[in-house]
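Here the structure comes first, spelled out in structure tokens, and everything after it is commentary.
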Amino acid sequence: MRLLTLLALVLLGLSAQAAEKLKVVTSIPDLADLSRRIGGDRVEVQSICKGLENPHFVSVKPSHLVAMSRADVFVQVGLSLEVAFVPGLLENCGNARIQPGRPGFINASDGFAAIDIPGQVDRKLGDVHPQGNPHMNLSVEGGAVMAANILKGLCAIDPAHKADYEARHAAWTRELEAAQQRWKKLGEGWKGRKVCVYHQEHAYLIRGYGLVTLGSVEPQPGIPPTPASLASLIATLRKEKDVCLLAVAWARRSELEEVRNQAGVTLVELPNMCAGLPGTESWIEMMDLLHKRLAEAFGPQKGT
Ligand SMILES: [Zn+2]
């Protein structure tokens with residue numbers, strides 16, 4: 001009888017262990033969505049950065065350190081996107097499991113070829129893209145790379161559930177493939193459409209769809225405009241027709257409106273991460289909205 005009780009207790013303990021979820025912390029919500037999709041009920045996920053924030057300038061809070069200290073897995077984009085907050089959090093969280101090089105650290109841009117890698121980096125200029133454009137979460141190709149790295153990382157840290165992770169990843173990949181067909185269809189005919197940007201978040205889409213960038217409100221990524229740089233940009237844009245100014249929520253409104261009003265361009269508000277604008281809880285939904293807003297802005301009848 002005693003032996004049976006002991007056995008029951010052992011089994012109870014084992015099932016409690018099996019039910020315990022992996023605590024996953026991600027730098028941005030796009031990675032949180034993909035971690036949830038691939039991790040399913042095996043993971044409990046939270047993101048440090050919120051959907052409407054600027055990932056280059058995130059203020060660290062004590063709650064972020066608490067989350068990092070308890071995490072089993074930490075996922076970042078990399079490519080220096082999160083240098084404003086991730087190195088400090090990793091250094092101060094006192095959690096050896098999620099340090100770079102350990103199984104609990106996932107760099108979601110591994111294997112992704114960044115564009116716009118600067119030839120010479122001068123940090124005094126404040127360029128926040130020293131390793132090339134880090135906004136790979138806003139590229140059509142980026143989703144598959146982020147998901148593959150998360151899958152690899154979760155399988156490495158929790159090999160007992162590898163088959164579950166792989167099955168969920170395969171289901172998500174089928175959704176992605178259908179979405180890519182939608183995006184491709186929407187993007188047909190966008191080649192040569194003229195845009196101006198505030199920051200350079202959407203550089204991968206701009207290149208992918210053959211859009212033409214006429215200028216940037218920020219003279220360098222991360223550097224706010226000066227009156228002179230704004231005047232020069234407005235003068236350039238005034239000579240053009242049918243220009244869309246692409247901006248995200250954190251961009252300075254007064255400058256966007258100045259460019260729109262004085263240069264006569266169309267302001268297009270786009271998501272820069274998921275879980276920010278309504279209807280963008282998932283990465284695929286966020287990319288759907290991005291394509292929808294661009295399609296609406298360009299319109300079928302607008303020629304160049
Ligand atoms: Zn940037």
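The values are calculated or read from the model by the stated rules, or taken from the named source; none is laboratory data. Since the structure is predicted, the reported quantities are computational estimates derived from the model, not experimental observations. Counting neighbours? That spans all protein chains shown, and the Cβs are built from the backbone with ideal geometry, glycine included. These accessible areas exclude ligands, DNA and RNA; they are computed on the full protein's heavy atoms, side chains included. Shrake-Rupley method; radii C 1.70, N 1.55, O 1.52, S 1.80 Å.
Yes or no: the stretch 202-217 includes at least one residue that is surrounded by fewer than 21 Cβ atoms within 10 Å (Cβ to Cβ), touching a Lys or Arg at 6+ places or on another chain (Cβ under 6 Å), not assigned by TED's automatic domain parsing to the domain that holds E175 and not aliphatic (A, V, I, L, M). Taking every residue of the stretch 202-217 in turn, at least one turns out to be surrounded by fewer than 21 Cβ atoms within 10 Å (Cβ to Cβ), touching a Lys or Arg at 6+ places or on another chain (Cβ under 6 Å), not assigned by TED's automatic domain parsing to the domain that holds E175 and not aliphatic (A, V, I, L, M).
For the residues C196, C155, the requirement of being open to solvent by less than 40 Å² (accessible area, probe 1.4 Å) and in the same structural domain as V212 (by TED's automatic domain parsing) singles out C196. In summary, S282 fulfils each of the numbered conditions (1) away from the ligand (no atom under 16 Å from the Cβ); (2) closer than 28 Å to S35 by Cβ; (3) surrounded by 22 or more Cβ atoms within 10 Å (Cβ to Cβ) with the single exception of condition (3). Taken over the stretch 128-145, the criterion of being open to solvent by 20 Å² or more (accessible area, probe 1.4 Å) and more than 13 Å from the ligand (Cβ to nearest atom) is satisfied by V140, E141, A144, V145.
Tallying residues that are of a type in the set (K, R) and assigned to a loop (DSSP other than H, G, I, E, B) within the stretch 186-223 yields 2.
Contact map, the stretch 187-202: first residue aliphatic (A, V, I, L, M), second residue part of a loop (DSSP other than H, G, I, E, B) and away from the ligand (no atom under 16 Å from the Cβ), Cβ cut-off under 7 Å, separation 6 or more or different chains; pairs are V195/L211.
Looking across the stretch 226-251, the residues that are part of a loop (DSSP other than H, G, I, E, B) and within 15 Å of the ligand (Cβ to nearest atom) come down to V248, A249, W250, A251.
Among the residues making up the stretch 53-84, those that are away from the ligand (no atom under 16 Å from the Cβ) and assigned to a loop (DSSP other than H, G, I, E, B) are S59, V60, K61, A71, D72.
With G101, G88 as the choices, which residue is part of a loop (DSSP other than H, G, I, E, B), more than 16 Å from the ligand (Cβ to nearest atom) and surrounded by fewer than 20 Cβ atoms within 10 Å (Cβ to Cβ)? Working first, answer last.
Details: G88 fails: part of a loop (DSSP other than H, G, I, E, B).
Being part of a loop (DSSP other than H, G, I, E, B), more than 16 Å from the ligand (Cβ to nearest atom) and surrounded by fewer than 20 Cβ atoms within 10 Å (Cβ to Cβ) holds for just one of G101, G88, which is G101.
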